[in-house]
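Asks: One structure is given below, represented as structure tokens, and several questions about it will come after.
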Amino acid sequence: MPVTPEVLLTRLQDALGDKLVDGRVALGEVTIEVRAEDWHEVALQLRDESGLRFDELIDLCGMDYSTYAETGRDEGRYAVVMHLLSVVRNHRLRVRTWCPDDDLPMVASVVDVWNCANWFEREAFDLVGIVFEGHPDLRRILTDYGFIGHPFRKDFPVYGQVEMRYDPEQKRVIYQPVSIDPREVNPRIVREENFGDVGHG
Amino acid sequence: MAEIKNYTLNFGPQHPAAHGVLRLVLELDGEVVERADPHIGLLHRGTEKLAEHRTFLQNVPYMDRLDYMSMMQNEHAYCMAVERLMQVEVPIRAQYIRVMFDEITRILNHLLWLGTHGLDVGAMTMFLYTFREREDLMDVYEAVCGARVHAAYYRPGGVYRDLPDSMPKYEVNKYKSAAEVKRLNANREGTMLDFIEDFTNRFPACVDDYETLLTENRIWKQRTVGIGVVDAERAKQLGFTGPMLRGSGILWDLRKTQPYEVYDRLDFEIPVGQNGDCYDRYLVRVAEMRQANRIVRQCVDWLKANPGPVITGDHKVAPPARAAMKNNMEELIHHFKLFTEGMHVPAGEAYAAVEHSKGEFGVYLVSDGGNKPYRMKLRAPGFTHLAASDEMMRGLMIADVVAIIGTMDIVFGDIDR
């Protein structure tokens, strides 16, 4: 039988102690936050402690919070989020850490804890530009060979920066600045908290 | 005798056994693979980035284009994530319809996998048989949503519309005589559910046919038994899910262990392998097709007996009925706001996962309270499976590489996203 999210959170609090910066249950899911310097140690604990036993890394992704609700987040700009699953104990967990340095976001790699983190970390490096210290082979994975920039950062335009075409004069494929005009059909809207209340505005 | 040196071989991206656009760089010693380095991203369309610039409803069709062999299951995970964030209740009939189409999709996917995997390792006939059955299910897809592949049928809050009362029929033309058309239309006279019921009656015999061709086939066994062995511990380390994990002997299926929708009310079994080789994964998937057929049948029976709404009545999430919209100002405003500005999803984050044909397909959705997702991360099962190819292929022959790519059931739509 799987434990309830609240019980799991208490177990996490007992196991991690003051390494746990924040822990909460929302929408039936447990989320914890840890400091970047504890990242690797916490990962090992999550995998090996008998009450936790998170034996599978389901997902790991880089996040750019710079335009969150238009203003960004106080904790920082970049974060790494991983989703863990315990096949043995049948529970799930989300772990987040904030990268301390916005200019060079860096956290420790967890490839030695869960081997499948290899490609996930390469993807986070490629798309968001987070560097994973200790990763055996940190190359780009999804973007083109020789791609410049990290496309999932919020300041990277959705239309990209370069486009590719065949140039008949040079008889080869060339890159040139993108020629599409930016266009947004439906603007992004974040409503204020009491929108639509009687007597508001 | 001349000394043979190591050399590097580019396998794909145009090789037919690469299942799309896999570029696999193989380092070979003679015919033995020393190292395999898959280069992916040739089909990268930036779905997650595009999603940040589309409203929650506009994102649904993008999901079909991820794993384009199990379209509705992708939509399912996305809709579940939105529903969890918005705390919307889905009507029970919609849940049954979703489960039925998830399982139809699983059969579609496994049929394609069986056909192409057979083709890769030399069992040419399989392809012809499996595509015959796929055609019937494609017709079901088309009848329910108008598209054979890119359905956009599931919506946050339910499904787009109720099941149709009739199936499209063949017509007489210069290639098909009246007698021929009568035979072809025999099972299309009733409702769509009757057609699906007829399919579930026929399908177990079809699976028996496939098994006659392959299961005890000497060549098939020589190509798959003991190839690409992954033990249970390694399978977990490598992040395997779905048939890849079950083939290694771990009983884990989200439909049983963390049931969503109405799977806990349905009767089905989870097939598990023993040795973790290509042959066991083949057996697991074939058994899964039989179980999926059972689930579809149970859903058909339930759906025939229980009419009801198929999408939530909350007009902040789902559009009002067409007739109501024409007669009522408030409904008109709801319709207009929903299809221009879109729904507003409360700030928060949710991860919803479904037991996809290939493994666990998850959607991690972060909303900051706007009408578009702040960030969406798709967890594709094929991504971790392909990442393990180096470990699985090392020390085997080039011919086995093809068998391993086949057994991983790779589709690039969701690996590259």
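Asks: Quick check on my filter: what residues within the range A:95-119 are within 11 Å of another protein chain (Cβ to nearest Cβ), within 14 Å of the chain's Cα centre (by Cα) and surrounded by fewer than 21 Cβ atoms within 10 Å (Cβ to Cβ)?
Replies: If the condition is that a residue be within 11 Å of another protein chain (Cβ to nearest Cβ), within 14 Å of the chain's Cα centre (by Cα) and surrounded by fewer than 21 Cβ atoms within 10 Å (Cβ to Cβ), then A:96 is the only one that fits.
Asks: Here's a check for you: in the range B:301-324, which residue that is more than 29 Å from the chain's Cα centre (by Cα) and in a helix (DSSP H, G or I) is farthest from the other protein chains (Cβ to nearest Cβ)?
Replies: If we take residues in the range B:301-324 being more than 29 Å from the chain's Cα centre (by Cα) and in a helix (DSSP H, G or I), then B:323 is farthest from the other protein chains (Cβ to nearest Cβ).
Asks: Now, a different point. Test residue B:165 against the criterion of being of a type in the set (Asp, Glu) and either assigned to a helix (DSSP H, G or I) or surrounded by 14 or more Cβ atoms within 10 Å (Cβ to Cβ) (or both), and give yes or no.
Replies: Criteria not met by residue B:165.
Asks: Additional query: Output the helices (runs of 4 or more DSSP H) that fall wholly within the range B:325-417 and possess 3 or more residues being within 13 Å of chain A (Cβ to nearest Cβ), or say none.
Replies: Helices (runs of 4 or more DSSP H) meeting the threshold: B:329-340, B:381-387, B:389-393, B:412-416.
Asks: Can you pull out the residues in the range B:317-373 that are on the phi > 0 side of the Ramachandran plot and without any contact (Cβ under 8 Å) to a residue 40 or more places away in the chain?
Replies: Passing the criteria: only B:369.
Asks: Let me ask you something else. Report yes if some residue within the range B:120-143 is assigned to a helix (DSSP H, G or I), over 26 Å from residue B:203 (Cα atoms) and in contact (Cβ under 8 Å) with a residue 24 or more places away in the chain; otherwise report no.
Replies: Looking for residues that are assigned to a helix (DSSP H, G or I), over 26 Å from residue B:203 (Cα atoms) and in contact (Cβ under 8 Å) with a residue 24 or more places away in the chain, one finds none in the range B:120-143, hence no.
Asks: Would you check if residue B:84 is of a type in the set (D, E, K, R), over 16 Å from residue B:64 (Cβ atoms) and in contact with a strand residue (DSSP E or B) (Cβ under 6 Å, 6 or more places away or on another chain)?
Replies: Yes: the conditions hold for residue B:84.
Asks: Assigned to a helix (DSSP H, G or I), under 17 Å from residue B:292 (Cβ atoms) and touching a residue at least 40 places away in the same chain (Cβ under 8 Å), is that true of residue B:85?
Replies: no
Asks: Would you confirm whether or not the range A:74-86 contains a residue that is surrounded by fewer than 22 Cβ atoms within 10 Å (Cβ to Cβ) and at the interface with chain B (Cβ under 8 Å from one of its Cβ atoms)?
Replies: Looking through the range A:74-86, none of the residues is surrounded by fewer than 22 Cβ atoms within 10 Å (Cβ to Cβ) and at the interface with chain B (Cβ under 8 Å from one of its Cβ atoms).
Asks: Kindly list the number of the only condition in (1) within 16 Å of the chain's Cα centre (by Cα); (2) in a loop (DSSP other than H, G, I, E, B); (3) surrounded by fewer than 23 Cβ atoms within 10 Å (Cβ to Cβ) that fails for residue A:122.
Replies: Single failed check for residue A:122: (2).
Asks: Just to verify a result, which residue in the range A:76-101, among those that are in a loop (DSSP other than H, G, I, E, B) and not aliphatic (A, V, I, L, M), is farthest from residue B:259 (Cα to Cα)?
Replies: Restricting to residues being in a loop (DSSP other than H, G, I, E, B) and not aliphatic (A, V, I, L, M), the top hit is A:101.
Asks: Given the condition of a type outside the set (Lys, Arg) and farther than 27 Å from residue B:361 by Cα, answer yes or no: does some residue in the range A:110-129 qualify?
Replies: Checked the range A:110-129: no residue is of a type outside the set (Lys, Arg) and farther than 27 Å from residue B:361 by Cα.
Asks: When the residues of the range B:248-265 are filtered to those that are touching a residue at least 60 places away in the same chain (Cβ under 8 Å) and within 20 Å of residue B:383 (Cα to Cα), which remaining residue is surrounded by the most Cβ atoms within 10 Å (Cβ to Cβ)?
Replies: Per the criteria, the residue is B:253.
Asks: Right, another one. Mind counting the residues in the range A:18-75 that are more than 20 Å from residue B:374 (Cα to Cα), of a type in the set (A, V, I, L, M), assigned to a helix (DSSP H, G or I) and touching a strand residue (DSSP E or B) at 6+ places or on another chain (Cβ under 9 Å)?
Replies: Going through the range A:18-75 one residue at a time, the tally reaches 4.
Since every read-out is calculated from the coordinates, none of them should be taken as a lab result. Note that the structure is predicted; figures quoted are calculated from it, not measured. We place every Cβ from the backbone using ideal geometry, glycine too, and count neighbours over all the protein chains shown.
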